[in-house]
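The values are calculated or read from the model by the stated rules, or taken from the named source; none is laboratory data. Every value quoted in this text rests on a predicted model; they were computed, and no experiment measured them. Here the Cβ positions follow ideal geometry from the backbone for every residue, glycine too, while neighbour counts run over all protein chains shown.
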Amino acid sequence: MMKLPSTPRRNRYLAAVTAVAVTAIGIPAVQLVGSSASAVSRVSPDRDQPQFLKRTRTTLVGNLPRIPWEGGSAYWAKFANARAGGWNSASFFPIGCWFCNVSSDQEIAFDKSKGINTYIGMWEGTDFSLFPSNRVYWLGTGLKGQSNTSPYNPGVFLDDEADGTFTPASAGQQHLAALRKTVGSNRFSYANYTSQVIGSDMALSDQLKFVNDYTDAVSVDMYWYSIPFCDWTPYRGNLYAVPIPQKTCRTAHSYGLTNEALRKRDAADGKLQPTWTWIENFNGMSGAPAAPYITPAQLKAAAMSTIIHEARGLFWFNQSFTGACQSANVIREAQYSPTSTCGKKYRANIDAMGVVNNQVKALAPVLNTQSYRWSFGTGIDSMLKLKDGYAYIFAMTDGTAGQRTFTLPPGISGKAVQVLNENRSLPVANAKFTDAFAAETTYHIYRTSLK
């Protein structure tokens, strides 16, 4: 049985502690290779990446280099339970919740309306039959009536923050190695870590062992909007595997860079696994001092930032332990007490979480294609993919608001960009278009037909 913490989450502060645009641009179907292709770009260089990450080239659009990946949805086909459960479908993207305890179909229906399809952490008396009957997934062991061969139990969550719990680090590694042996080959193993595995507080050799030796999917939690890390003196974010600038530390951009840093650690052994990301849906702090609560705009932007930086799953920290609004299950509070003083705040955040989750879910067939690298312009952090005759550009700023001009790569020749859900369009001239990002949390979705 996986180890469940005595409280729903340990303190990230003690453990180690965007404007976003999604642009769909029409391209000629003749330019596609096979049934689909994809392209991605980011401003951040990869000069520190292992050589194997720099090899692949394509002639599809401007001879762009590919972003290395683990294989998208096809990755899950090697695990029998995940394959039977449809995780290898291009339309599936894992979106999960931590200690989102459920006791009824009604509760799961509410969660599904907010885009949740996967659960981690649960009261051990939970009836496992709720998962197959509602077509959602449980990553763990030990529930009432659980079947370890069920397609609705595709993987096992080994433990939370073993890198920050055990001393010395080797004790945590031995703990995970023992848990890994109990999983079997039909399910995948997953673990979540603190930012120690991408920071300066742990030997690099131990960071690489934690990230690479025990899991088939891995994540790091670091709640930039709602913990004091950005104000610490001396500031240490510049020592991360991918440096986090202090000037833009408390922005959505930092969540994306965190996932990029984890991908860098994961790539060190020459093998890639899905890297997932954790975001607080209300608060990421426990104990004093009281921390700020993430806003609806911030949590949406943080999620999109991690997607741009190649996160393969979104998972939500679902508790609040500081300040006036404290809850062991924010989602349930939003469902059952939406008109109380704190309930109104919970509901606003959970509704926003649902918006971004469902946007990601709708884009799963695009997100599950491989990406290519392209820099669209100064101050833009971006991802470009090709799918079924369209190019999709996911873009955010570098943590600062303002106007940005995008330069399209060769092979993309749309004449106008439609801004979805905003009833406006933008002209494309000389392969360039310009848009404004009112805040670092702003994001848009663009689409244009060809000519």
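Which residue is modelled with the lowest pLDDT, if the candidates are limited to segment 378-403 and must be under 19 Å from residue 417 (Cα atoms) and in a loop (DSSP other than H, G, I, E, B)? I'd like the intermediate steps shown before the answer.
So the first thing to find is which residues in segment 378-403 are under 19 Å from residue 417 (Cα atoms), and the list is 380-397, 402-403.
When the remaining residues are screened for being in a loop (DSSP other than H, G, I, E, B), the result is 388-389.
Values: 388: 82, 389: 77.
This residue is 389.
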(message) Please go through segment 171-205 and give me each residue that is within 18 Å of residue 243 (Cα to Cα), out of contact with any strand residue (DSSP E or B) (no Cβ under 8 Å at 6 or more places or on another chain) and of a type in the set (Ser, Thr, Tyr), ordered by number.
(response) 200
(message) For residue 195, only one of the following conditions fails: (1) crowded, with 18+ Cβ neighbours inside 10 Å; (2) more than 27 Å from residue 222 (Cβ to Cβ); (3) among the polar types (S, T, N, Q). What is its number?
(response) (2)
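Residues are listed down the side, and each one gets a yes or a no for (1) surrounded by 24 or more Cβ atoms within 10 Å (Cβ to Cβ); (2) in contact with a Ser or Thr (Cβ under 7 Å, 6 or more places away or on another chain); (3) not hydrophobic (A, V, I, L, M, F, W, C):
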residue: 202; (1), (2), (3): no, no, no
residue: 205; (1), (2), (3): no, no, yes
residue: 208; (1), (2), (3): no, no, no
residue: 231; (1), (2), (3): no, no, yes
residue: 235; (1), (2), (3): no, no, yes
residue: 239; (1), (2), (3): no, yes, no
residue: 247; (1), (2), (3): no, no, yes
residue: 271; (1), (2), (3): no, no, yes
(request) Scan segment 102-124 and give yes if some residue there is of a type in the set (S, T, N, Q), within 26 Å of the chain's Cα centre (by Cα), crowded, with 21+ Cβ neighbours inside 10 Å and outside any loop (DSSP other than H, G, I, E, B), otherwise no. (result) yes
(request) Go through the residues of segment 331-345 one by one and say whether even a single one is touching a Pro at 6+ places or on another chain (Cβ under 8 Å), closer than 18 Å to residue 98 by Cα and either of a type in the set (Ser, Thr, Tyr) or surrounded by fewer than 24 Cβ atoms within 10 Å (Cβ to Cβ) (or both). (result) no
(request) Give 390, 372 a once-over and let me know the one that is touching a Gly at 6+ places or on another chain (Cβ under 6 Å) and crowded, with 17+ Cβ neighbours inside 10 Å. (result) 390
(request) Could you list, in sequence order, all residues of segment 230-264 that are within 26 Å of residue 213 (Cα to Cα), within 16 Å of the chain's Cα centre (by Cα) and of a type outside the set (S, T, N, Q)? (result) 255, 256, 257, 260, 261, 262, 263, 264
